[in-house]
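For reference, the structure is listed below as structure tokens.
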Amino acid sequence: MTRPIERLAVTTPPTTGLDEAGALRHQLADQLAAAGHLRTPAVDKALRTVPRHAFAPEVPPQKAYANDIVATCHSDDGRITSSISAPWLQADMLEAARLHPGHRVLEIGSGGYNAALIAELVGPTGGVTTLDIDPAVTDRATRCLAQTGYDRVRVVTADAEHLPVGIVPDGGFDAILVTVGTWDLPWFNALADGGRLVAPLRLHQYTWAIGFTKRDGALHSDEPLIVCGFVAVRGAGAWDANRRTVPGTGVHLSWEDGTPLPVDQLAPAFAREPFVAHTHVTVGGQEPFDTLTLYLAGALLSFCRLSVDPDDDNGVLNPPPEHWPGAAIVRGASLARLATERISDGDDGNGVYELVVHGYGPHGHLAAQEMAEQVQHWQRNHRAALCPRITIHPLADTGPTPATDDPHVFVKKHTRVTIDWPIIPGTAALLTDDEGHYLLHLRSANKPIWRPGQWALLGGNTERGETCDEAVVRELAEEIGLAVPDLMGFVTLDTLSANGSFKDRVRVYHGTLNTPVHEIELREGIHLRWTRIEETAEMTMDPGTAAVLHAHHNAHQPRGRRGGTLPVVEVREPRDHRSRSIIGAHLVLIRYGAVLLGKRHPSSAFAPSTWHLPAGHREGMESAVTCMVREAQEETGLRIAERDLSLVHVLDLLDPGSTIPRVGLFFAPSRWEGEPLVREPESCTEWRWWPLDALPEPIVEYTRVALAAISRGALYTPMGWS
């Protein structure tokens, strides 16, 4: 019942007559549109118009048009200080900004390319100001903008923390786009009422790109949160990570928001095995759970982030990835941190993981149970919500920063951030008449909707600001034009995937309606029907609806209840045994003695921040070769014909603790078209060619084993079998 991704229908302009860069530009736009990042014709046109390669002359066009960042400036120690952001993220942020011709826009963080995109969107009647603290960055942006015909963009060198006098137009900017990682939003007064602000905001070291609208004296989020990473803001707006090291352990704790605590007393805690608190909350191997970490950061006092030195023997069980510190809390001489344990392979072979909490120290078990309870609270009440709502108020210009212990409130230098977590996005109405019939409606089979072509209950998702009680009343009015006065909560319906991971939650209401079908105006759906319970066995029905009907039929209290906690009905989606086979296809792409590897996203449950081959699992009844062609296109954008693939290795793998073997098939192409692109940034952050004799660390162990076997000509390797 989640909102479908809006996708722009694109007719690709003919590439006849285009130069290489132009063809690459249209190819990139096609990829972004297909993935749902381009949703309006205006942003699509801008991406097809502005020559991205002209703003990255140091790299070849293929790299400039890859769906990845392009680093443009580095510090003396090699850190990236300025870059052109990944196109998928630029597109998402431009869509969130909702720019129109005539708008006056401020961009904070200059690369030139994004400012040119903005200039295309606001047109000659609009105005674009781009600002950066680094003269080298602004000089470069000025030069590139002039060379590409966008010299109407005003380029300013200044510290964004304090905007120069005269830069803000009368009434404020219509939109502000921030393209550097920022810990605070000091630009409230520079934004017009009703204006849009889109920024990558850091909360306890987590960064989300968030779209806000200014109204009623505050900024209100109204876009899904996008996990991302940006070059950090410099100058007066730079933040202090408040990083403390536990003596003699290589364990580091950071408090970016909130008051840092002493850590010296924690050293003995890591000398013993931790207490493990099981939450029984599961996630899939490719399923992000970043909203949980944001929830914990607000729900738990003294929340911090835990990282470890990768080469130290520090006693931390299952340490977090190097670039993705774990969620933790300190309680005196004890500590607890969130972790995962693989519990099964899952139908897709990517694994199912339980969220667990490790407790260290004399009272580690209590700290672990405290965090585990909050994980379970998030699961019960907030997990199925699309995203939280964030409201930001400016603080007074004078006076000390007030401290707060309020849950889900973060007080920063200039603003107060409040996060509101909506509870249960779905509602459904179980309507019965006095003769024991149930009112069901048939959903269209020809629309991209939840449960197409199946009989289901009436109802739908909550909308912004609604309670579930309000939502179910509105949905009935919209769907059948009727009010049901005696609606009361009946059950909470939880839908689990076939492997047991949580998918959806719906609050089901019961009410009485004695209106014949021919007198009911069906405004949404195909058909209405009053049905007896014994007739449902012959109907194609949503499994959740069937479970609710039988729960009501067998209930001692079938009329629902007011107040209190509703009983939970769990339904598990059926397995598709026809497609069940854990066979992985792996692409071995070798060029000039180097192999193509991708770095997995730091939030991945399987091998986070670890190098791996392009790979994937079979879907449905496709062959392994067909799977390899599809995965190569989906992950890297490379075009490979099946006839050009050769099997070079078979890995017969049994993971520790697993009961399901996995077979890895490794294919090498004799030729291919294109250059590798980051097509799935939520799974892979970059592609890179690595010499076969100098593979990176960390790398997936079976990938290392397979590449070594391929190098010596071995066709088959068993791994993990006793």
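Just so it is clear, none of the values below were taken in a lab; they were calculated from the coordinates. Here the structure is a predicted model, which means the values were calculated and not measured. Positions of Cβ are backbone-derived with ideal geometry, glycine not excepted, and every protein chain shown enters the neighbour counts.
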Which whole number in µm²/s is D for the range 247-381 by Stokes-Einstein, with the Kirkwood Rh taken over Cα pairs at 10 °C and 1.306 mPa s? 105 µm²/s
The chain - percent relative contact order, Cα under 8 Å, separation 6 or more: 8 percent
Selection from ILE392, PRO224, HIS552, by position along the positive dipole direction of the chain (Cβ): PRO224
By the gyration tensor of its Cα atoms, with a ≥ b ≥ c the square roots of the eigenvalues, what is the shape of the range 79-189: rounded for a/c under 1.5, prolate for a/b over b/c, or oblate? rounded
With each label point set 7 Å from Cα along the Cα-Cβ vector, what nm distance links ASP159 and ASP469? 5.2 nm
Measure of size requested: the Rg and Dmax of the range 578-719, with Cα atoms as the atom set and Å as the unit; please supply both. 14.2, 41
Please report the relative contact order for the range 191-301, taking Cα pairs under 8 Å with a sequence separation of at least 6, and give it as a percent rounded to a whole number. 17 percent
If I model a spin label at TYR592 and TYR716 as a point 7 Å from the Cα along the Cα→Cβ vector, what separation in nanometres do I get? 3.8 nm
Provide the FRET efficiency to the nearest 0.05 for the THR540-VAL568 pair, computing r from the beta carbons and using R0 = 25 Å. 0.50
Cα-only radius of gyration and Dmax that characterise the chain, units Å: 27.4, 80
Multiply the residue separation of GLN633 and ALA146 by 0.36 nm, subtract the distance between their alpha-carbon atoms, and state the gained length in nm to one decimal. 171.7 nm
What does the helix-only formula give at 222 nm for the chain: each DSSP H stretch with n ≥ 4 adding -39500 (n - 2.57), the total divided by the residues, and the result rounded to the nearest 500 deg cm²/dmol? -6000 deg cm²/dmol
About the Cα centre, and with charges only on the beta carbon of Lys, Arg (+1) and Asp, Glu (-1), how big is the dipole of the chain? Nearest 20 debye, please. 520 debye
Per-residue Cβ neighbour rank within 10 angstrom, fewest leading, MET621, MET628: MET621, MET628
So, R0 is 30 Å and r is the distance between the beta-carbons of ARG671 and THR49; what FRET efficiency does that work out to, to 0.05? 0.40
